[in-house]
Amino acid sequence: YMFAHAGFWHLALNMYTLWAFGPRLEHQWSSRGFTTFYLWSGLGGVLLHALFVRDGAPLVGASAAVFGVLYAYARRWPEDEVLFFGVVPMKVKWLVAFLVALNLTMGALAAGQGATGGTAYVAHLGGLLFG
């Protein structure tokens, strides 16, 4: 599921985030270590999704694995600054905290309505947790 995406923007955002945060981790861990971590985070996403989501919709995208990468980066370099939406300077640790809070909120709202709106919020958090 990690290698199929729901459209151009889904793929573009995942690949941009992976490009922005992945190389530094890969340099620290080696290509093999990074790949193992990436796949492990993706597995965490599908497992948590399978445990908590029963809508029967297919799971696609690398977002869970990318959330694992974001978390690992924030653990290693929490004080690094990034430009949120290319404009707002923000420390990586606060970016990841914001994304977690956003996913928890959106996931809870979607669950309360009985739908996910096509976004696998629980899978994102599973990737982060396994990361």
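Excluding ligands, DNA and RNA, what is the solvent-accessible area per residue of the chain at a probe of 1.4 Å, expressed in Å²? Walk me through the numbers on the way to the answer.
Values: 7850 Å² over 131 residues.
I get 60 Å² per residue for this part.
Only protein atoms count toward the accessible area here, which uses a 1.4 Å probe; on the chain, the carbon and sulfur part of that area reaches 68 percent.
Taking all pairs of distinct Cα atoms, average 1/r, flip it, and tell me the Kirkwood hydrodynamic radius of the stretch 44-83 in Å to one decimal place. Don't skip to the answer; put the middle values down first.
Details: mean 1/r = 0.0835 Å⁻¹.
When all Cα pairs of the stretch 44-83 are included, the Kirkwood radius is 12.0 Å.
Compared with the dominant Cα axis of the chain, that is its longest principal axis, helix 92-112 is turned about 0°.
State whether the stretch 15-131 is rounded, prolate or oblate according to the following rule on the C-alpha gyration tensor (a ≥ b ≥ c being the square roots of its eigenvalues): a/c under 1.5 gives rounded; otherwise a/b larger than b/c gives prolate, and the remaining case gives oblate. Oblate is the answer for the stretch 15-131, as a/c is 1.5 or above yet b/c matches or exceeds a/b. Once all protein chains are placed together, Ser63 keeps about 20 Å² accessible to a 1.4 angstrom probe.
Counting 0.36 nm for each residue step from Arg32 to Trp77 and taking away their Cα separation leaves a gain of 14.1 nm.
The values are calculated or read from the model by the stated rules, or taken from the named source; none is laboratory data. Given the structure is predicted, the values throughout are model-derived calculations rather than measurements. For the accessible areas, the whole protein counts, side chains as well, though only heavy atoms, and no ligand, DNA or RNA atoms are used. Shrake-Rupley method; radii C 1.70, N 1.55, O 1.52, S 1.80 Å.
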